[in-house]
Amino acid sequence: MKLKNILYATLFVSLSSCGDFLEPKSQSEYVPKEATALQELLIGAAYPEQTSQYNLLSYLEIFNDDFQQQELDGFSFLENQQTTSNALEYMFSWQSDMFIAMPQIGYVNIPNVWEGTYKYILGANAVLDYMDDVAGTTEEKNYVLAQALGLRAFYYYLLVNYYGAPYNYNKAALGVPLKLDSKMSEESNVMMTRNTVEEVYTQIIDDLNEAERLFLTVPVANQYQPNFLVSLPMVELLKSRVYLYMENWSEARKYAGKVINDWNFSILDLNGISLPDPTVKDPYYEFNSYTSPEVIWAYGSIQDLVSQYVTYLTNSSDKTTRRAFNASETLLSSFKAGDLRKDLYIVREILVNAKDPNKNTFYDSYLPYGKYKTSNSVPVSSNEYFALSFRLSEAYLNLAEAAALDNAEGEAISAMNTLLEKRYTPATYTTISGLTGEALVNMIRDERRKELCFEGQRWFDLRRYGMPSFTHKWNGNTYTLTKNDPSYTMPLSKAIMDKNIKLEQNPLAPKRVN
């Protein structure tokens, strides 16, 4: 069986304590005997599932500035969708009481990012805890340990950027509890408190350093394989990203360079990809699968990003439906003439029966997921599609930004030229030259937004860029996220707080009104 199928099959070894991380209960009675069994345990309990109630990345797009409410003549929420509409408005307007208000109005489809992420952390911890007690060669054990540490670092990266202040804003702020073993206390009064943002980042780097060391002890053939498992270049790219967040420019450059220079990934030339005709049921190129020479680690699914806002507006006359969100005008207007990413990266939809023919084309709020979508047909792909991946293009962007901020502007410009010449048509691309200082950094960050749109990075990037102010509009109401707004850090839900009375809530923004 292919590892891809193993990874997402029902191969889950149940850990009884995985469900509620901070709710003490007994450990699982399952005791693996071999390192190979721990690999299966890791796949079943620590890798992100293809379909999950947790949807670890669910809030990252609805909070950022790449989303806007769909505005189409004749389309609206049906009366029986009012609960959904109200819940989406709570999230889309960054209300600090959204996790209290949404259940009160009867909205139950609320992804539990905290619980889900700690569930996976606990699975990784169990593998780390059991390793000394199982049989296997050193190489076999190190290979599994490296994956477990890489996964744990990734999950803490997500958690601390959801629930902690940006590192470059206040690293002394409360982050998240660091749970580094699978043991659960039998005393219900023993609870964990939140570590600081700096302490969590230190642990992330420690885990990635150890994962890197362990990967370097295994055969080169096992350091990277396109098999949906954590690898050495994935660890290196995550280190580059984390160091970028920490503003450690030299280390961010170093690890981005390793991904670019030490492996055989290559930038995909978008000039060689054709957009299917709107009437033909042809697949998009799957940019986040291993068919792409850029993909380092593919994970998750379309559900990870859009689960709670895949809801629809309906045209009362012909009963056709459209998604409630689409790509924002600020994102779409940032694409220049000849930039191939606008049509290839984002699902373009044709509204055949539009009242205004000049407004019959719009762009949905997610990446293409396997098949081209038109108003008359929604082809279903039989191929599994991974909505997210670690890609080589990010390494070039990390390298360019870090270099531009580390007095190596020539290196930054060279990296951007290498990337962007594969993103524009030859007739429209002009080699970058002469940019310096803030103008260079802003150009790199603008390109980052377009290159990585709808891949779960924009919200975290906005946080580290200084938490700028921007607005969202919903049903005619305008809501403003102010500069350094407390809502740039997600509140802990009531369910989280009820399970652990020692958890301190984040500073909350006042009620946001129109």
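The values are calculated or read from the model by the stated rules, or taken from the named source; none is laboratory data. Values in this document were obtained by computation on a predicted structure and should not be read as measured data. No Cβ is skipped: glycine too gets one built from the backbone with ideal geometry, and neighbour counts run over all protein chains shown.
When you check S381 against the structure, is it surrounded by fewer than 19 Cβ atoms within 10 Å (Cβ to Cβ), at pLDDT below 95, in contact with a strand residue (DSSP E or B) (Cβ under 8 Å, 6 or more places away or on another chain) and under 23 Å from V347 (Cβ atoms), yes or no? So S381 does not fit the description; no.
Among the residues of the stretch 137-161, just one is within 18 Å of the chain's Cα centre (by Cα) and among the charged types (D, E, K, R), namely R152.
A quick yes/no check of all residues on (1) surrounded by fewer than 22 Cβ atoms within 10 Å (Cβ to Cβ); (2) more than 17 Å from R341 (Cα to Cα):
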| residue | (1), (2) |
| --- | --- |
| A400 | no, yes |
| P426 | yes, no |
| G466 | yes, yes |
| T471 | yes, yes |
| P486 | yes, yes |
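Among the residues of the stretch 96-113, those identified as surrounded by fewer than 20 Cβ atoms within 10 Å (Cβ to Cβ) and in a helix (DSSP H, G or I) are I100, A101, P103, Q104.
Meeting the requirement of 2 or more residues that are aliphatic (A, V, I, L, M), the helices (runs of 4 or more DSSP H) wholly within the stretch 431-509 are 437-451, 494-499. When T36 is tested against (1) at pLDDT 85 or above; (2) of a type in the set (S, T, N, Q); (3) touching a strand residue (DSSP E or B) at 6+ places or on another chain (Cβ under 9 Å), just one condition goes unmet, and that condition is (3). Considering every residue within the stretch 201-217, establish whether at least one is touching a residue at least 60 places away in the same chain (Cβ under 8 Å) and of a type in the set (V, I, T). Yes, the stretch 201-217 contains at least one residue that is touching a residue at least 60 places away in the same chain (Cβ under 8 Å) and of a type in the set (V, I, T). How many of the residues making up the stretch 195-248 are closer than 20 Å to A173 by Cα and of a type in the set (F, W, Y)? Qualifying residue count, the stretch 195-248: 3.
Of the helices (runs of 4 or more DSSP H) that lie entirely inside the stretch 171-264, those containing 2 or more residues that are surrounded by 22 or more Cβ atoms within 10 Å (Cβ to Cβ) span 197-215, 232-245, 249-261.
Criterion applied to G150, G116 was being more than 25 Å from P219 (Cα to Cα), small (G, A, S) and assigned to a helix (DSSP H, G or I), and the one residue passing it is G116.
Checking each residue in the stretch 471-495 for being more than 21 Å from the chain's Cα centre (by Cα) and either over 21 Å from N506 (Cβ atoms) or among the aromatic types (F, W, Y) (or both) picks out T471, K473, W474, N475, G476, N477, T478, Y479.
Filtered by the rule that a residue be of a type outside the set (F, W, Y) and in contact (Cβ under 8 Å) with a residue 60 or more places away in the chain, the stretch 153-172 gives A153, L158, N161, G164, A165, P166, N168. Which residues, taken from the stretch 99-109, are at pLDDT 85 or above and under 18 Å from Q81 (Cβ atoms)? Hits for the stretch 99-109 are A101, M102, P103, Q104, I105, G106, Y107.
With the structure loaded, tell me whether Y47 is farther than 25 Å from S328 by Cα, hydroxyl-bearing (S, T, Y) and in contact (Cβ under 8 Å) with a residue 24 or more places away in the chain or whether it fails that test. Yes: the conditions hold for Y47.
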